[in-house]
1. For the structure I just gave you, tell me whether residue 30 is within 20 Å of residue 162 (Cα to Cα) and either hydrophobic (A, V, I, L, M, F, W, C) or over 12 Å from the mean Cα position of the chain (by Cα) (or both).
2. Search region 38-64 for residues being of a type outside the set (Val, Ile, Thr) and surrounded by 17 or more Cβ atoms within 10 Å (Cβ to Cβ), and hand back the single one that is nearest to the chain's Cα centre (by Cα).
3. Scanning region 160-174 for residues that are modelled with pLDDT of 95 or more and not hydrophobic (A, V, I, L, M, F, W, C), which turns out surrounded by the most Cβ atoms within 10 Å (Cβ to Cβ)?
4. What number goes with the only condition from (1) buried (at least 16 other Cβ atoms within 10 Å of the Cβ); (2) under 23 Å from residue 165 (Cα atoms); (3) not aliphatic (A, V, I, L, M) that residue 69 does not pass?
5. Within region 92-101, identify whether any single residue is in contact (Cβ under 8 Å) with a residue 60 or more places away in the chain, part of a loop (DSSP other than H, G, I, E, B) and touching a Leu at 6+ places or on another chain (Cβ under 9 Å), and answer yes or no.
6. Enumerate the pairs (first residue in region 54-75 and closer than 11 Å to residue 87 by Cα; second residue anywhere and surrounded by fewer than 16 Cβ atoms within 10 Å (Cβ to Cβ)) with beta-carbon separation below 8 Å, excluding pairs fewer than 6 apart on the same chain, so at least 6 apart or on different chains.
7. Within region 100-151, can you find the residues that are open to solvent by 90 Å² or more (accessible area, probe 1.4 Å) and hydrophobic (A, V, I, L, M, F, W, C)?
8. Do you know which of the residues in region 12-37 that are assigned to a loop (DSSP other than H, G, I, E, B) and not small (Gly, Ala, Ser) is surrounded by the fewest Cβ atoms within 10 Å (Cβ to Cβ)?
Amino acid sequence: MDGDTKKIYLISGPLGVGKSTASKELARLVEHCVLIEGDDLLHMYMTEPSPAWEERLSLAWMNILSVTRNFIQRGFHVVIDFVVEDEFEWFCQHIADLNVQLKYAVLLADEETIAERLNKRGDIHSLDRSLFLLNKLKTSPVNTEYVVDTNQKDPADVAAGVVTNDRFHVHVPN
């Protein structure tokens, strides 16, 4: 670890690319680290009707930001496991005042691999959404330099690559 600078690892990607598994491995590799699973904050509503999708997503991101800030301010490194569609610049702006290093990785796989993984975990009903996100994340100029192909890759190797490779470092202007 490099001194006092805390790190935030933001791990994005569509369903079925190994995002959660790689994020858990990454959190195990980094000392004094917490893992924020964004889906937990997105799906925490216990009553019906829950807010509209846009409101739930906005609240999830605000909560991810708040929890991240709390842990960073208390000396922890943070791994965030959540799909980043259009929130990257917003997130960077809202952590700019913290003394942190941000690493960003967008995990992708081919359509067949995603379908196979979703089917294996009993989540094949999410395939259309995952393929939509795959196309969106793959074609976003913001993501270009941060893409990781997870086809035929062990999640532990993906995690280790994010930790050790400087190409995932994001310059966050103050």
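The values are calculated or read from the model by the stated rules, or taken from the named source; none is laboratory data. Keep in mind that what you see is a predicted model, and the values were worked out from it rather than measured. Reconstructed Cβ throughout: ideal geometry from the backbone, glycine too, with neighbour counts over all protein chains shown. Accessible surface areas use protein heavy atoms only, side chains included; no ligands, DNA or RNA. Shrake-Rupley method; radii C 1.70, N 1.55, O 1.52, S 1.80 Å.
1. Values: within 20 Å of residue 162 (Cα to Cα): yes; either hydrophobic (A, V, I, L, M, F, W, C) or over 12 Å from the mean Cα position of the chain (by Cα) (or both): yes.
Judged against the criteria, residue 30 is a match.
2. 38
3. 161
4. Status for residue 69: all satisfied but (2).
5. Of region 92-101, the ones in contact (Cβ under 8 Å) with a residue 60 or more places away in the chain are 92, 95-101.
Imposing the further condition that a residue be part of a loop (DSSP other than H, G, I, E, B) reduces the set to 96-99.
Retained after the next criterion (residues that are touching a Leu at 6+ places or on another chain (Cβ under 9 Å)): none.
No, that holds for no residue.
6. What qualifies is 61/90.
7. 132
8. Step one: filter region 12-37 for residues assigned to a loop (DSSP other than H, G, I, E, B), giving 13-18, 30-32.
Filter once more, so that each one left must be not small (Gly, Ala, Ser): 14-15, 17, 30-32.
Values: 14: 25, 15: 20, 17: 31, 30: 19, 31: 8, 32: 11.
Top of the filtered list is 31.
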